[in-house]
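A short worksheet on the structure shown next.
The values are calculated or read from the model by the stated rules, or taken from the named source; none is laboratory data. No experiment lies behind these values; they were computed from the predicted model shown. Cβ placement follows ideal geometry from the backbone for every residue including glycine, while neighbour counts extend to all protein chains displayed. Keep in mind that these areas ignore ligands, DNA and RNA; they rest on the heavy atoms of the full protein, side chains included. Shrake-Rupley method; radii C 1.70, N 1.55, O 1.52, S 1.80 Å.
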Amino acid sequence: MVQVKTIEIPEKALSLLKAGWDLELKILESDIKKFQEKVTQLEKTHCMDSKTFRDKFEKGDLGDEEWCFSWANYLEILADLKEKKKAAKSVVL
């Protein structure tokens, strides 16, 4: 973990920084929702959960159809977005 750092920011700049941070969190939440919906649709369409998909995909059991690579990509993007959201929420302004 990174050492906690404190910096001084003028009050007017702090309100702008908070507004921008809040907007970024909303964008992340919206993107997470969008990709989660895509994953959920693929789970329904192909009658398997994402863990099962990931296991089969990594073993090469699903072939190389476009939907397989899309699903794998969505899962990676979703994990990255969740990580960014977690990091953003850890900042105290």
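Things worth noting here:
- Contacts under 9 angstrom Cβ, first residue in region 55-79 being within 19 Å of residue 44 (Cα to Cα), partner of a type in the set (Phe, Trp, Tyr) and open to solvent by 60 Å² or more (accessible area, probe 1.4 Å), 6 or more apart: 57/69
- Restricting region 1-33 to residues that are assigned to a helix (DSSP H, G or I) and in contact with a helix residue (DSSP H, G or I) (Cβ under 9 Å, 6 or more places away or on another chain), the residue that is surrounded by the most Cβ atoms within 10 Å (Cβ to Cβ): 28
- Residues in region 39-78 that are open to solvent by 60 Å² or more (accessible area, probe 1.4 Å) and closer than 30 Å to residue 22 by Cβ were compared, and the one that is farthest from the chain's Cα centre (by Cα) is 41.
A quick yes/no check of all residues on (1) under 17 Å from residue 88 (Cβ atoms); (2) free of Cβ contacts under 8 Å to residues at least 60 places away in the same chain; (3) touching a strand residue (DSSP E or B) at 6+ places or on another chain (Cβ under 7 Å); (4) not aromatic (Phe, Trp, Tyr):
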{"site": "19", "(1), (2), (3), (4)": "yes, yes, no, yes"}
{"site": "23", "(1), (2), (3), (4)": "yes, yes, no, yes"}
{"site": "28", "(1), (2), (3), (4)": "yes, no, no, yes"}
{"site": "31", "(1), (2), (3), (4)": "yes, yes, no, yes"}
{"site": "49", "(1), (2), (3), (4)": "no, yes, no, yes"}
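- Region 79-93, residues that are open to solvent by 70 Å² or more (accessible area, probe 1.4 Å) and more than 14 Å from the chain's Cα centre (by Cα): 90, 92, 93
- Selection from region 49-93 of residues that are in contact with a Leu (Cβ under 9 Å, 6 or more places away or on another chain), assigned to a helix (DSSP H, G or I) and either of a type in the set (Gly, Ala, Ser) or more than 22 Å from residue 37 (Cα to Cα) (or both): 50, 70, 88, 89
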